[in-house]
Amino acid sequence: MLQLSEAIGIMLPVLYLSVTFSYGFIFFGEFRKLELKTPVILTVLIVIHGAEIVLKGLTLGIVPFSTLLDAFSFWAFSLTAVYFFIELTVRVKSTGLFVLIPAFFLQLVSSIFYDWHHATNPMLTNPVFVVHVIFTIIGYTAICVSSLYSLLYIMLNRNIKHHRFGRVYDKLPSLSTLEHLGIRSVQVGIVLLGFGIILGHLRAGSLLDSYWPSDPKVWLTDTIWICYLLGYGIARLNSWRGRWMAYLSLFSFAGLVLVTVTVFFLLDSFHHFN
């Protein structure tokens, strides 16, 4: 099982690179027939990567979330899965390149430097906690993807205003489509992150005898989710659209990253897995 997991881990960067090139051909208008095959291509990639994560977990005897390299690999998986859902629902395939490039590099780093000697943590053997972690990470990933679409929106909007056009900007979808993609990503992030938070509080109640433990990561995640939920609701009620919505999303994500890095790496928490 170890050898099979290692073999798939080595193969994954090659698969990600192949899929990234496929979306590059789609973006620049070459081999348009590939557009019809993207659901199959992404399904194969997600299934193989998912199998690698399961095999790695069975080999280690613990869900592989305990190191930074584990996080890189699962983040690559999450980016691909979130994008696949957005592509299926919005039916726009010309932005996959921008999501798959970072996914490829994350998986490349994870595969090259992966270390099989892990410390164990009992929390990562509990199914409820594991599902909580999975949904929380994918929820954060969807929010990250929404900020990417917001950045593309702002860049395209500025180039249109200044009449600067290049091959890349010519191939991007319309501003309204980028806005739709960003909104859909935020919706996915709010739903999945909210579900992960609920499971986390339920697990904390049974494990720590408190549904709201004194842990900075718990407070941070709850606050981020509430802020995004309120921001999305206020934006919808006030019909905020276009550039202002893009800037709101981008600055919110920048604040999220800054606060998250501070809390996760500088403060103590029972969420440390290794």
With respect to Pro64, is the statement that it is under 22 Å from Gly96 (Cβ atoms) and within 20 Å of the chain's Cα centre (by Cα) true? no
Of the residues in segment 1-53, those that are free of Cβ contacts under 8 Å to residues at least 24 places away in the same chain and assigned to a loop (DSSP other than H, G, I, E, B) number 2
Restricting to segment 54-71, give me the number of residues that are buried (at least 17 other Cβ atoms within 10 Å of the Cβ) and either assigned to a loop (DSSP other than H, G, I, E, B) or modelled with pLDDT of 90 or more (or both). 6
Counting only residues that are more than 21 Å from the chain's Cα centre (by Cα), surrounded by fewer than 18 Cβ atoms within 10 Å (Cβ to Cβ) and not aliphatic (A, V, I, L, M), how many does segment 1-26 have? 3
Is there a residue in segment 85-93 that is outside the structural domain of Leu199 (by TED's automatic domain parsing), surrounded by fewer than 16 Cβ atoms within 10 Å (Cβ to Cβ) and either over 30 Å from Leu172 (Cβ atoms) or among the basic types (Lys, Arg) (or both)? yes
Residue among Ser176, Ser185 that alone is loosely packed, with under 14 Cβ neighbours inside 10 Å, among the polar types (S, T, N, Q), at pLDDT 80 or above and within 30 Å of Gly29 (Cα to Cα): Ser176
Determine whether segment 28-44 contains at least one residue that is farther than 21 Å from Leu172 by Cα and surrounded by 12 or more Cβ atoms within 10 Å (Cβ to Cβ). yes
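The values are calculated or read from the model by the stated rules, or taken from the named source; none is laboratory data. Remember, it's a predicted structure, so these values are computed and weren't measured experimentally. For neighbour counting, all protein chains shown are included, and Cβ atoms are generated from backbone atoms with ideal geometry for every residue, glycine included.
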